[in-house]
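The structure under discussion appears below in the form of structure tokens.
The values are calculated or read from the model by the stated rules, or taken from the named source; none is laboratory data. This one's a predicted model, so the numbers in the text were calculated from it and none came from an experiment. We place every Cβ from the backbone using ideal geometry, glycine too, and count neighbours over all the protein chains shown.
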Amino acid sequence: MEEFRKHLYVILFPNEALVASELEPEAFGRHYAVGSPRHFSGKVIFAEVDINFRHPYFNIDAYLQQTTTGKPGVPKKTKFVKSYRVLEHVDLNAFKDLYLVTEDGWVLPLQKTTDSGAMGHHAKGIRIYQELCPLRPLVASNYSPLDFGYYMTSVAENKGAPKLFFTEIAVNVDDLLTREEPLLHSPLPNIHPGHLLSSLKELKEKPDKRTKTISLKSIFDDIGYHRIKNGYWIMAGREVVYYPMPEEAEIEEKHYNWWKSVYQPFKE
């Protein structure tokens, strides 16, 4: 009998990789965020994948056999299986929980849901999406999350990908579009306020235009997890896995250290 249970993890941010490990999710997240010399700082997002998942693109069995230190009581922390075009080759039904890791190594698990009512958010309006894997642009769109994911994975051949992991950033777009005074400071880091406002106005004034790229560079490492609205989506056409963010009160009660790391600096 093996001393440690083996896991498969898909790292979705800051890089893309399929990794085998003998660490449990919380220990894996802490190691990757603060314990590995290959990753120095910043957020980490990863998901556990069913250990029985197999795809001919990955030589999973061979690498699982190598996922051992051979030393009693010492788990193998990481064994990289693949670091290229990973997400597109992982079946969505193989995804288990998603984990959000803070810069100081605290881990918040998110459970997936297939409840279309919970994941749709069909209210009309312009939204700002941060693509996270395998693409990184910051995009404004008048598509709902489900329609945006479908568009990016099935229609937009010149801008999309077969599968996409993305989230929505909380920004009061209506307030920006109706304000009378000039926008001197952008609510998004490293985004020029004039460019942000002109992008949003272009979408409002041209209803046939469905997306507008705000930045080719991700701003995800420059904003706090508290700026995320609703949750995270992985989509491939109409196939979707959705990870809703818990309410802040629930996070504070059940994952106090993660809550303190993410929310407390903005309450002082």
- Query: If you check ASP174 against the conditions, is it exposed (fewer than 14 other Cβ atoms within 10 Å of the Cβ), outside the structural domain of LEU87 (by TED's automatic domain parsing) and touching a residue at least 40 places away in the same chain (Cβ under 8 Å)?
  - Reply: yes
- Message: Tally up the residues in the range 73-125 that are assigned to a loop (DSSP other than H, G, I, E, B) and either out of contact with any Pro (no Cβ under 6 Å at 6 or more places or on another chain) or modelled with pLDDT of 95 or more (or both), please.
- Response: 25
- Would it be correct to say that ASN158 is among the polar types (S, T, N, Q) and surrounded by fewer than 13 Cβ atoms within 10 Å (Cβ to Cβ)? yes
- Considering each residue of the range 1-33, count those that are modelled with pLDDT under 95, surrounded by 18 or more Cβ atoms within 10 Å (Cβ to Cβ) and closer than 19 Å to ALA62 by Cβ, and give that number. 0
- Item | Tally of residues being surrounded by fewer than 15 Cβ atoms within 10 Å (Cβ to Cβ) and either of a type outside the set (S, T, N, Q) or assigned to a loop (DSSP other than H, G, I, E, B) (or both) across the range 58-72 | 8
- Residue within the range 81-92 that is of a type in the set (Ser, Thr, Tyr), loosely packed, with under 13 Cβ neighbours inside 10 Å and touching a strand residue (DSSP E or B) at 6+ places or on another chain (Cβ under 9 Å) present: yes
- Message: Restricting to the range 140-171, name every residue that is of a type in the set (S, T, N, Q) and outside any helix (DSSP H, G or I).
- Response: SER141, ASN142, SER144, ASN158, THR167
- Select, from PRO246, PRO189, the only residue that is surrounded by fewer than 16 Cβ atoms within 10 Å (Cβ to Cβ) and either over 14 Å from the mean Cα position of the chain (by Cα) or in the same structural domain as ASN142 (by TED's automatic domain parsing) (or both). PRO189
- Note on the structure: Only one of LYS124, LYS159, LYS76 is more than 18 Å from the chain's Cα centre (by Cα) and in the same structural domain as ARG30 (by TED's automatic domain parsing), namely LYS76
- Tell me, which residue of the range 44-57 that is within 22 Å of the chain's Cα centre (by Cα) and in a loop (DSSP other than H, G, I, E, B) is nearest to SER21 (Cα to Cα)? ILE51
- Task: Select the helices (runs of 4 or more DSSP H) contained entirely in the range 172-268, then report the ones holding at least 2 residues which are of a type in the set (Ser, Thr, Tyr).
- Result: 193-205, 256-262
